[in-house]
Each structure stands twice: as structure tokens, then as C-alpha cells.
1. With the condition kept exactly as written, say whether any residue in region 5-12 is within 16 Å of the chain's Cα centre (by Cα) and exposed (fewer than 15 other Cβ atoms within 10 Å of the Cβ).
2. Kindly indicate the residue of region 26-55 that is over 25 Å from M162 (Cα atoms) and hydrophobic (A, V, I, L, M, F, W, C) and also surrounded by the most Cβ atoms within 10 Å (Cβ to Cβ) among those meeting that condition.
3. Tally time: how many residues in region 66-103 are of a type in the set (K, R), touching a strand residue (DSSP E or B) at 6+ places or on another chain (Cβ under 9 Å) and either closer than 19 Å to E9 by Cβ or without any contact (Cβ under 8 Å) to a residue 12 or more places away in the chain (or both)?
4. Please work out if S48 is within 18 Å of the chain's Cα centre (by Cα), more than 18 Å from I194 (Cβ to Cβ) and among the small types (G, A, S).
5. Which residue pairs have Cβ atoms closer than 7 Å, lie 6 or more positions apart in sequence or on different chains, and pair a first residue in region 134-146 that is in contact (Cβ under 8 Å) with a residue 40 or more places away in the chain with a second residue that is of a type in the set (F, W, Y)?
6. Please specify each residue of region 174-197 satisfying the condition of being hydrophobic (A, V, I, L, M, F, W, C) and either over 17 Å from T117 (Cα atoms) or surrounded by fewer than 21 Cβ atoms within 10 Å (Cβ to Cβ) (or both).
7. Please list, ordered by first then second residue, the pairs with beta carbon atoms under 8 Å, 6 or more apart or interchain, first in region 214-230 and under 20 Å from M57 (Cα atoms), second among the hydrophobic types (A, V, I, L, M, F, W, C) and assigned to a helix (DSSP H, G or I).
8. Tell me, yes or no, whether region 155-170 has at least one residue that is away from the ligand (no atom under 15 Å from the Cβ) and either polar (S, T, N, Q) or at pLDDT below 95 (or both).
Amino acid sequence: MEKLEQIYEGKAKKVFKTDDPEVFIVDYKDDATAFNGLKKGTIVGKGSVNNRMTNMMMQLLESRGVPTHFIKELSDRETAVKKVEIVKLEVIIRNIAAGSFSKRYGVAEGTPLRCSTIEFSLKDDALGDPLINDYHAVALGVTTWEELETIKTLAFKINDVMKEFFLSVGVTLVDFKLEFGKTSDGTIVLADEISPDTCRFWDVKTGEKLDKDRFRRDLGDPEGAYQEMMRRLSEKL
Ligand code: UDP
């Protein structure tokens, strides 16, 4: 497979065309941003951890019946994925209160939720990814009711698989963000990444944060947190 011209550069990844029109190559960067791009930095080794962790999770999820965009890991930082049209929603699942949920509803971080929750943000940097509900998503033409049902069902299934998996490496899955895409035949598949950039991971025993909050909140040594997550995952290989 040949890597052709770059078609997109996001905050954490670049996307390239290939000689196959149905295949893109994703290239993960070490660049880190937070607060809608206001805070910028580098987390050395992040690109490699995020690439490998995402691919491990996508393969685990595929084995449990969740369709994903994953095709093949090409290198430490590069992966071949199916070409999809990204659904303009950030899908957030929460098991424990943290971050914006804690602020918005006045619930202390770390409070377990009575049930896992889902919320949607409109993927639009200029608007600051505003929170939207199901009706807004359909009214705005971001998705259809049918696609939204598929996304919800898949998101909770992904939560079940991931919660169990991370617990087995001593990590509590607090919350995470997913993105879905539509393949050329209209199938909804999991896309984007699953990494310490997009999930909150807390050590089961100590509560230590092993995710991007170490960067967002200046808690120190984000590199160490990303490497520690990868070390735990590698033990499962
Ligand atoms: N998240 C993400 N990208 C975003 C916003 C949130 O990956 O643009 C992830 C974040 O890492 C966390 C979860 O979604 O695991 C919930 O984030 P929250 O809404 O609490 O936002 P934050 O407090 O990070 O601003």
C-alpha cells in the first residue's frame, strides 16, 4: 500500500490518502492540546502509545462484534483504516462523574453514577463542540434516528467491553469519547481513537490519573502515565 498526499491534519493526527480509494493512513503525532486548542504542548511518545492502544482496543472490539474502521497497523505511529465519513458528533460515555460533567451538574469528581450515561457534542471547533441532544442531532441533519440508535447501542456495548478489559489491568474506566464514521456502503463503524487522550483512566488501587488530565491539569509526567498504560496493556498481549 502506498502512502499518498496528506488530506487532513488535526490536533493529534494526520490523515493520508493511499493508492486504494477506500483506504486512508492515519499518522499519530506527539502534539497535545487541551481546552479547545488553548493549551498546547508535546507529550513525547504519545503518538506511538495512542496508535498501539487504539489498535489493540479496535481489535478487541471487533472480536466482540463491534464494527470498526481498523484495517492494519503499519508502524509504531501509522495505521491503515477504512475511509469513512465522520459523523459530526462526539459521543461521551461516563461511568463516574468527572471533568465537565462534575462542573455542569455540581457533582464531586469520583462520584459513581447510578447508571452509565451518554451525551453528544456537535463536532465543531469554532462553536466549542456544544452539547446537543438526540433531537438536535437529527434536526441539524448530523445523523438520522436510525443511525443514532445504532451509535447508542454500539457505544454502550463498547463501554461494557472496555470497562471489563481495563479493570483486568487494574484501571477504572471513568469516561471516554468516541467518534463514529460511515463507510461507503453506509455502515456505521467505530472510528477515530481510543487512548489516554480520549479516555479517563484511574488506577484502581491508588486513584492515580493515567491519562491526558496529567497534561490538562499540569499534574506532572504525562509521558510516564501514557507509558504506564501501554505497559499494562502489553502484559495482556
Ligand atoms: N474528551 C475528548 N475530546 C474532547 C472532549 C472530551 O476526548 O474534545 C474525552 C475526555 O478525555 C474525557 C471524556 O471525553 O475522557 C469526557 O470529557 P469531559 O466532557 O469531562 O471534558 P473535559 O473535562 O475533558 O473538558
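The values are calculated or read from the model by the stated rules, or taken from the named source; none is laboratory data. Since the model is a prediction, treat every value here as computed from it, not as a measurement. Note that each Cβ is placed from the backbone with ideal geometry, even for glycine, and that neighbours are counted across all protein chains shown.
1. So the first thing to find is which residues in region 5-12 are within 16 Å of the chain's Cα centre (by Cα), and the list is 10-12.
Subset that is exposed (fewer than 15 other Cβ atoms within 10 Å of the Cβ): 10-11.
Yes, some residue in region 5-12 is within 16 Å of the chain's Cα centre (by Cα) and exposed (fewer than 15 other Cβ atoms within 10 Å of the Cβ).
2. Quick first cut of region 26-55, residues over 25 Å from M162 (Cα atoms) only: 31, 35-42, 44.
Right, trim to hydrophobic (A, V, I, L, M, F, W, C) and you get 35, 38, 44.
Details: F35: 9, L38: 7, V44: 11.
Filtering first and then ranking leaves V44.
3. Let us first name the residues in region 66-103 that are of a type in the set (K, R), namely 72, 77, 82-83, 88, 94, 103.
The next check asks that each one be touching a strand residue (DSSP E or B) at 6+ places or on another chain (Cβ under 9 Å); those that pass are 72, 77, 82-83, 88, 94.
Imposing the further condition that a residue be either closer than 19 Å to E9 by Cβ or without any contact (Cβ under 8 Å) to a residue 12 or more places away in the chain (or both) reduces the set to 72, 77, 83, 88.
Qualifying residue count for the region: 4.
4. On the way: within 18 Å of the chain's Cα centre (by Cα): yes; more than 18 Å from I194 (Cβ to Cβ): no; among the small types (G, A, S): yes.
The answer is no for S48.
5. Here the result reads A137/F120, each pair linking region 134-146 to a residue that is of a type in the set (F, W, Y).
6. Just the residues of region 174-197 that are hydrophobic (A, V, I, L, M, F, W, C), to begin with: 174, 176, 178, 180, 188-191, 194.
Within region 174-197, F180, I188, V189, L190, A191, I194 qualify.
7. Filtered contacts from region 214-230: Y226/V49; Q227/V49; M229/V49; M229/M53; M230/V49; M230/M53.
8. We begin by selecting, within region 155-170, every residue away from the ligand (no atom under 15 Å from the Cβ); these are 156-157, 160-161, 164-165, 167-170.
Next, from what is left, pick out any that are either polar (S, T, N, Q) or at pLDDT below 95 (or both): 168.
Yes, there is a match, as at least one residue in region 155-170 is away from the ligand (no atom under 15 Å from the Cβ) and either polar (S, T, N, Q) or at pLDDT below 95 (or both).
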